[in-house]
Amino acid sequence: QVQLVESGGGEVQPGGSLRLSCAASGSIFSIYIMGWYRQAPGKQRELVARITQGGITNYADSVKGRFAISRDDAKNTVYLQMNSLKPEDTAVYYCNAWLRLLRSIQTEEYWGQGTQVTVSS
């Protein structure tokens with residue numbers, strides 16, 4: 001019923017930038033929280049950044065000052081601008097959304113399929 005489709009991943013040199021996008025589609029009534037998580041090989045999935053419907057954001061300490069999350073509610077899309085990338089930012093990045101479907105009273109969580117970000121010289 002709902003799809004989260006990520007784009008914008010790739011390979012970049014240290015110090016470079018990438019912009020990730022995630023578009024949600026389906027029978028959506030409202031999206032309350034949209035966010036990005038990442039998982040590096042051998043590590044647990046961790047929160048990178050998230051943004052509420054009201055625009056409140058929070059970030060992992062490791063990305064503060066380098067990454068910026070934003071959303072366009074007209075497009076049901078969340079963005080992650082990543083600057084000053086480091087090798088330790090290498091991971092699969094997953095889009096996440098807490099939303100309510102049309103004709104539903106429940107808030108449900110959805111995940112995208114993930115997009116690879118590799119930071120390497």
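May I ask you to list the aspartates and glutamates whose Cα is less than 18 Å away from that of Lys43, ignoring any residue fewer than eight positions away on the same chain?
Counting by Cα, and skipping residues close in sequence, Lys43 has these aspartates and glutamates nearby: Asp61, Glu88, Asp89.
Give the carbon-plus-sulfur fraction of the accessible surface of the chain in %, rounded to a whole number; probe 1.4 Å, heavy atoms of protein chains only.
Numbers: 3010 of 6480 Å².
That share works out to 47 percent.
Please give the Cα centre distance for segment 13-38 versus segment 49-74, rounded to the nearest Å.
About 10 Å separates the Cα centre of segment 13-38 from the one of segment 49-74.
Reachable lysines from Lys75, Cα under 28 Å, same-chain residues fewer than 8 places away excluded?
Qualifying lysines at Cα under 28 Å: Lys64.
Could you provide, to the nearest whole Å², the per residue accessible area of the chain with probe 1.4 Å?
Details: 6480 Å² over 121 residues.
Per-residue accessible area for the chain comes out at 54 Å².
Excluding Ile28 itself, what net charge comes from residues whose Cβ is under 15 Å from its Cβ, given Lys and Arg +1 and Asp and Glu -1?
On the way: positive: Arg71, Lys75, Arg100, Arg103; negative: Asp72, Asp73, Glu108, Glu109.
Here the count lands on 0.
The values are calculated or read from the model by the stated rules, or taken from the named source; none is laboratory data. It should be emphasised that the depicted structure is a prediction, and the values quoted were computed from it without experimental measurement. When we count neighbours, we look across all protein chains shown, and the Cβ atoms used for this are built from the backbone with ideal geometry, even at glycine. Each accessible area value is taken on the protein alone, full model and side chains, heavy atoms only, with ligands, DNA and RNA left out. Shrake-Rupley method; radii C 1.70, N 1.55, O 1.52, S 1.80 Å.
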